[in-house]
Structure formats: structure tokens, C-alpha cells
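The values are calculated or read from the model by the stated rules, or taken from the named source; none is laboratory data. This structure is a prediction, so every number in the text was calculated from the model and none was measured. Neighbour counts are summed over all protein chains in view; Cβ atoms, including those assigned to glycine, are modelled from backbone coordinates with ideal geometry.
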Amino acid sequence: MKKGKRIKPKFPIEYRLLIGRRYKEREGKNVTLVALRTINEFTSFHYEIVASLEVSAQTIRLKIHGLRAPQVTIPGTGPAVFRAEHELLHGLYTVSVSKLEREENVFSVRFSGDAVTVESSPRSKFVEIVTSEEEW
């Protein structure tokens, strides 16, 4: 049997990134929610996305390191998820999302008042960005 070069399947969108405002009742303040989920849903466990979030001087960097199996082995279905909250952001930010294979998507997002709008996004992307939890 002849072995050929393995062709990596290309899926258009692998992740959905939510960037929006959220009111924290316990603390009585608004925060910016950054949440990432996989498009694919898993049938065995609720996996966790291992990622790091850095916010500095008009730049938001989200580095995806992989998936982690849950510590509790209770079966469940659904996407893998990462969530983080940051203090309220204002103005125009560059949002960079990168994967281990060094792929990167760069977006421009504007925070003004209670509104979050996506100003620009890359043509070829593995991340879809949304600004409301209903779309996420």
C-alpha cells in the first residue's frame, strides 16, 4: 500500500470568541467578558480550553494552548470553554488570537459605553468573533 502525504482537513471556523460587557452583581460593577468555545461539541466530557489572556495598551492577546480533560469524570456533552473577565475596556483594541501551529487571527474591536463593535476581521480565519451571549 502506497503511503501518501497526509492532508490536514481544513475547517473554516474552529472557535467562537465572545467579547462583551457583563454586570457583576456581587461586586456591583461592569466588566469585559472574554469567552472562547469550540464549534465542535464533545460527547464524553466537558473539556476546558487551556489559554492565556494578556491585556496591555490597546492590545488583547489570547493564546490557545490546547484542551484539558475535566478533573471530575462525570459524563457530559458540549463545547470546550475558556472564560476570563477583565476590568472595563474603552476605545479601539487589537484582538490577537493564536494557536500552537502559529496561526493567528487579528481583529479590531471598539469598546464604547455599553456597546462592543467589531471594526475589522481577517479574510481567512479560524475564529469567529461575536459581541453578544445570544450569538455565542
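Among the residues of the stretch 63-115, write down those that are under 15 Å from ARG16 (Cβ atoms) and β-branched (Val, Ile, Thr). Matches in the stretch 63-115: ILE64, VAL81, VAL95, VAL97, VAL109.
On the basis of being at pLDDT 95 or above, of a type in the set (Asp, Glu) and touching a Ser or Thr at 6+ places or on another chain (Cβ under 8 Å), does GLU87 make the cut?
Criteria not met by GLU87.
Of the strands (runs of 3 or more DSSP E) entirely within the stretch 67-116, none holds at least 3 residues that are in contact with an Asp or Glu (Cβ under 6 Å, 6 or more places away or on another chain). Within the stretch 31-64, the set of residues being loosely packed, with under 14 Cβ neighbours inside 10 Å and either assigned to a strand (DSSP E or B) or of a type in the set (D, E, K, R) (or both) comprises GLU41, VAL50, SER52, GLU54, SER56, THR59. Can you find a residue that is among the polar types (S, T, N, Q) and free of Cβ contacts under 8 Å to residues at least 40 places away in the same chain anywhere in the stretch 24-35? Scanning the stretch 24-35 turns up no residue that is among the polar types (S, T, N, Q) and free of Cβ contacts under 8 Å to residues at least 40 places away in the same chain.
Residues in the stretch 69-104 that are surrounded by 14 or more Cβ atoms within 10 Å (Cβ to Cβ), out of contact with any Leu (no Cβ under 9 Å at 6 or more places or on another chain) and closer than 20 Å to SER56 by Cα: LEU89, TYR93, THR94, LYS99, GLU104.
Restricting the first residue to the stretch 38-53 and requiring it to be charged (D, E, K, R) and at pLDDT below 90, which pairs with a second residue that is surrounded by 12 or more Cβ atoms within 10 Å (Cβ to Cβ) and part of a strand (DSSP E or B) meet a Cβ separation below 6 Å and a spacing of at least six or different chains? Here the result reads none, with nothing in the stretch 38-53 linked to a residue that is surrounded by 12 or more Cβ atoms within 10 Å (Cβ to Cβ) and part of a strand (DSSP E or B).
Taking TYR15 as the residue in question, decide whether it is at pLDDT 95 or above, crowded, with 18+ Cβ neighbours inside 10 Å, of a type outside the set (D, E, K, R) and closer than 26 Å to VAL95 by Cα.
yes
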